[in-house]
Amino acid sequence: MVLYGEPLRDDIIRSAIEYIRQADMLIVGGTSLSVYPAAGLIDHYRGGKLVLINRTATNADGRAALCIREPIGETLGKAYPGSI
């Protein structure tokens with residue numbers, strides 16, 4: 001999790017990029033994908049199973065295999081009842 005305005009270390013970004021490049025599926029939730037550098041991380045995903053969970057549309061919706069338009073907490077609460 002990254003908080004708004006929180007700086008990211010270069011080694012963490014590089015590591016995240018490597019994991020994203022190797023992922024079979026990428027699930028991104030609770031972000032408008034408008035704040036960089038974190039927003040640019042999905043550009044490194046090469047798979048075809050991108051899932052976006054956000055209340056509003058994002059600039060990456062056209063690339064997503066699935067878009068869920070509801071709050072991330074509500075979605076995860078349905079997937080894992082009693083955990084949130």
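Laboratory data are not the source of any read-out in this text; all were calculated from the coordinates shown. Computed from a prediction, not measured in an experiment: that's the story for all the values here. Counting neighbours? That spans all protein chains shown, and the Cβs are built from the backbone with ideal geometry, glycine included.
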Does Arg63 satisfy the condition of being in contact with a strand residue (DSSP E or B) (Cβ under 9 Å, 6 or more places away or on another chain) and basic (Lys, Arg)? yes
How many of the residues in region 59-84 are closer than 16 Å to Lys49 by Cα and out of contact with any helix residue (DSSP H, G or I) (no Cβ under 9 Å at 6 or more places or on another chain)? 5
Just to be sure I understand, how many residues within region 9-54 are within 20 Å of Ile72 (Cβ to Cβ), in contact (Cβ under 8 Å) with a residue 12 or more places away in the chain and of a type outside the set (S, T, N, Q)? 20
